[in-house]
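Heads up, the thing below is written out as structure tokens.
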Amino acid sequence: MRVAVVGVGRWGINHARVLTSLKKEGVKIANEYIEKVLIVDKDYARAKTIARTFQADKALNNIEDLRAEKVDAAIVAVPTVFHYEVASRLVKETNVLVEKPLAATVEEGKKLVSLAEKEGHVLAVGHIERFNPAISLLKKELSERKDVPNFIQAGRVGPGPKPSSTLNLGVAHDLLVHDIDIAIFLVGDMPRKVKAVARYINSFPYEVDIAALFLFENNVLADLHSSWLSSSKLKDRNLRVQTNERAYNVDYITQTLQVIEGLVEHKHYSHFLDVYSRYRARKSTTISTLSGGVEPLRLELISYLESVVRNVEPVVSGLDGLKALMCVEKALESAKSDGFVLIPEFSWL
């Protein structure tokens, strides 16, 4: 199997690192091995440096050169504004994983999904949190306990953007898109409407902070906040899911899941310490999945390449990416209109 990484900037370099590791380790992926890893970047000097650093097989500076290489799969990790331009050219020739978000706009996303279907190629989207072991465990716990979420709260803070880094658009496309994808994944449906508030700073052309309240069927709410209003040293990623019986807390960075169940006793006491001792959680269990030592990006890439080899729908498909992108656009529309915005029922024919 021949795999290309197109764009080796801040995040693409990690794809290069993981893919070359899989090749060197001889990891079998659906009965196939990675035979060749190619690095493509318009900055040819950088492409050669990354290829040399991770012992990739070849460096190129133009995606047209990939045609002669006959690659089986490509990863597009260029800035967001170029996702459609690059991915639409590649998906005509091979299978493609596009980093999140799927595209800069819903219209571009729709064209990309249609093109992949027409060409019969796999189109996956890099929503990496789907492969965070803590999220996998949360989904398993909810399913086994038959717990149904009625409220979801998520926060992503920092680090703030560089004033010159505008090619990935604002914080909604960069960070909020993760959490609405996870909310849709956990609820199993698209939200019906959204109300959002966005904040801006003079030195950046797009929103740097957004709080969005999504309303799903059955009165399920998702309160999602993403912010770059922070120093370059602050980073926090968390999720809270409430059901009728339990609360689940996920720390994405430490890959831990905390499950909180009930109270010891709900009763009036005269002394604060008695109240505190009785009002604590009857049971609180914290599970760390980090001990497994498996990087989410590694899981994501193996899953994507398995879908390529087997020619099946990937875990996070182009349609999944399109749903998340649609919600982001509607949240930004709501922030501008200062009111609830309806999210049309999703259908794809």
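The residues of region 76-99 that are in a helix (DSSP H, G or I), in contact with a helix residue (DSSP H, G or I) (Cβ under 8 Å, 6 or more places away or on another chain) and more than 18 Å from H127 (Cα to Cα), listed by number, are V86, S88, R89, L90.
Note on region 226-259: residues that are assigned to a loop (DSSP other than H, G, I, E, B) and either surrounded by fewer than 18 Cβ atoms within 10 Å (Cβ to Cβ) or β-branched (V, I, T) (or both) total 12.
Can you name every residue in region 313-340 that is of a type outside the set (A, V, I, L, M) and either crowded, with 20+ Cβ neighbours inside 10 Å or under 18 Å from the mean Cα position of the chain (by Cα) (or both)? Please lay out each step first, then the result.
Step one: of region 313-340, the residues of a type outside the set (A, V, I, L, M) are 313-314, 317-318, 320-321, 323, 327, 329-330, 333-334, 336-340.
If the condition is that a residue be of a type outside the set (A, V, I, L, M) and either crowded, with 20+ Cβ neighbours inside 10 Å or under 18 Å from the mean Cα position of the chain (by Cα) (or both), then E313, P314, S317, G318, D320, G321, K323, C327, E329, K330, S334 are the ones that fit.
Yes or no: A124 within 16 Å of the chain's Cα centre (by Cα) and part of a loop (DSSP other than H, G, I, E, B)?
Judged against the criteria, A124 is not a match.
Restricting the search to strands (runs of 3 or more DSSP E) fully inside region 1-64 and requiring at least 2 residues that are closer than 23 Å to T80 by Cα and within 26 Å of the chain's Cα centre (by Cα) gives 2-6, 36-40. Residue count for region 47-81, restricted to those that are surrounded by fewer than 17 Cβ atoms within 10 Å (Cβ to Cβ) and under 28 Å from Y206 (Cβ atoms): 1.
Go through A211, A222 for me and flag whichever is touching a residue at least 40 places away in the same chain (Cβ under 8 Å), part of a strand (DSSP E or B), outside the structural domain of A103 (by TED's automatic domain parsing) and of a type in the set (A, V, I, L, M, F, W, C). Going through A211, A222 in turn, just one is touching a residue at least 40 places away in the same chain (Cβ under 8 Å), part of a strand (DSSP E or B), outside the structural domain of A103 (by TED's automatic domain parsing) and of a type in the set (A, V, I, L, M, F, W, C): A222.
Checked against the criterion of being more than 24 Å from E108 (Cβ to Cβ), loosely packed, with under 15 Cβ neighbours inside 10 Å and basic (K, R), region 303-312 contains one or more residues that satisfy it. Only residues that are of a type in the set (D, E, K, R) and buried (at least 21 other Cβ atoms within 10 Å of the Cβ) were counted in region 191-208, giving 1.
In region 108-125, the condition of being farther than 30 Å from T289 by Cα, of a type in the set (V, I, T) and in contact (Cβ under 8 Å) with a residue 24 or more places away in the chain is met by at least one residue.
The values are calculated or read from the model by the stated rules, or taken from the named source; none is laboratory data. Note that the structure is a prediction, hence the values are computed from the model and not measured. Methodologically, a virtual Cβ is constructed for each residue, glycine included, from the backbone with ideal geometry; neighbour enumeration extends over all protein chains shown.
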